[in-house]
1. Can you sort 369, 354, 140, 249 by how many other beta carbons sit within 10 Å, fewest first?
2. Obtain the nm distance between the two label points defined at residue 189 and residue 95 by a simple spin-label model: each point lies 7 Å from its Cα along the Cα-to-C-beta direction.
3. Mean residue ellipticity at 222 nm from the helices of the chain, using -39,500 (n - 2.57) per DSSP H segment of n ≥ 4 over the full residue count, to the nearest 500 deg cm²/dmol?
4. Between residue 86 and residue 338, 0.36 nm times their residue separation minus their Cα-Cα distance comes to what?
5. Using the Cα atoms of region 80-123 to build a convex hull, what is its mean projected area in square nanometres?
6. To the nearest 10 degrees, how steeply does helix 360-370 sit against the main Cα axis of the chain, on a 0 to 90 scale?
7. Tell me, 334, 1 in order of fewest to most beta-carbon neighbours within 10 Å?
8. Once you have the Cα-Cα distance between residue 369 and residue 220, take 0.36 nm times their residue separation minus that, and quote the gain in nm to one decimal.
Ligand SMILES: Cc1cc2nc3c(=O)[nH]c(=O)nc-3n(C[C@H](O)[C@H](O)[C@H](O)COP(=O)(O)OP(=O)(O)OC[C@H]3O[C@@H](n4cnc5c(N)ncnc54)[C@H](O)[C@@H]3O)c2cc1C
């Protein structure tokens, strides 16, 4: 049987950030990826936003790792030439009824350590973003956009330069915690077993299944996972927006965000629908499209009929399900080490939904400090 110091299961942005941190710390690292390339799952199906961290509960892992990760990420992108732009985000109050919501964002952001938020009047909003209709807005200058594939390539390059290896088409099928370490069963073209001192389970949507397939840890420590798909519609033609635009949350209408990519394309979404299995198909029904048009027209009434095209979907691995309060403890990231499950050297990452991309460097540093 082969012996390896550290195995990272999953080559998404989080697994690669962890592999980079461990390799830079001098550890021997092998990344095992089930697909035939890195970064083809959630890390390729998101909004590519560098979040400021203003909507996560103060003190939560999401808030702490997002705020720390954001600054580290801007520095890293500048140093490594990873495409990004600090374009800023506007949270828009479409009418007077939304104004209290803006104060809530400012207070919430401050509590989470986001101290650069600015309240804009109607005139200031119109000056910054003429296409958007609203009575006021909160401006978040530290929100930005990033080329997530270039980021993953940079993480992988750093990890490989420090001696790490990526092996694709190598699904981890199961394993066993033993007195000598953790034995993993690896499938693919040349199935094998490998004995590891450290195993990091960063399998994203499948982290729960991977954890359940490793014998010797208490099953009750594995939290339930709930899948929530998000759909994005793209807009034909030139983007009328310069910033990311988020309407204030309102229960009656779908809250549809404007996201821009580095090429200047504008997309709207994601929405949220609970699903039972990982299935990326885009169900573009007239009802879904109508909800998007209505949600967007609250702040962009000039949206033309027929302007939206189905884009792509992404799936969130959520620890909080439809019946849980949105910001209950169960909605936080869960990074479990031996303290939680009793197996030294084994770390599981559960529920790494947004802001996992923004937080990736901070997650890498955090996990490296655990092992
Ligand atoms: C709709 C949506 C929008 C988002 N928008 C943002 C955003 O704007 N900003 C932000 O910061 N975050 C955002 N996120 C969150 C961010 O995309 C994720 O947190 C991040 O991509 C998770 O990375 P990961 O490496 O954990 O998972 P993944 O990218 O899914 O990687 C996991 C990898 O593990 C592999 N794998 C699975 N099972 C096995 C196995 N048994 N053996 C070996 N390999 C395996 C998979 O093939 C995959 O490559 C968004 C997420 C979604 C769903």
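Read-outs: derived from the displayed coordinates by stated rules, not from any lab. Here the structure is a predicted model, which is why all the values come from computation and not from measurement. Note that each Cβ is placed from the backbone with ideal geometry, even for glycine, and that neighbours are counted across all protein chains shown.
1. Details: 369 9, 354 20, 140 25, 249 14.
Going from least to most buried by this count: 369, 249, 354, 140.
2. Inter-label distance under the simple model: 6.1 nm.
3. On the way: 9 runs with 99 residues, N = 371.
That comes out to -8000 deg cm²/dmol.
4. Details: separation 252, 0.36 × 252 = 90.72 nm, distance 3.82 nm.
Residue separation times 0.36 nm, minus the Cα-Cα distance, leaves 86.9 nm.
5. Details: hull surface 18.3 nm².
That works out to 4.6 nm².
6. 30 degrees
7. On the way: 334 18, 1 8.
Ordered by Cβ neighbours within 10 Å, fewest first: 1, 334.
8. Numbers: separation 149, 0.36 × 149 = 53.64 nm, distance 2.52 nm.
Here the segment from residue 369 to residue 220 would lengthen by 51.1 nm.
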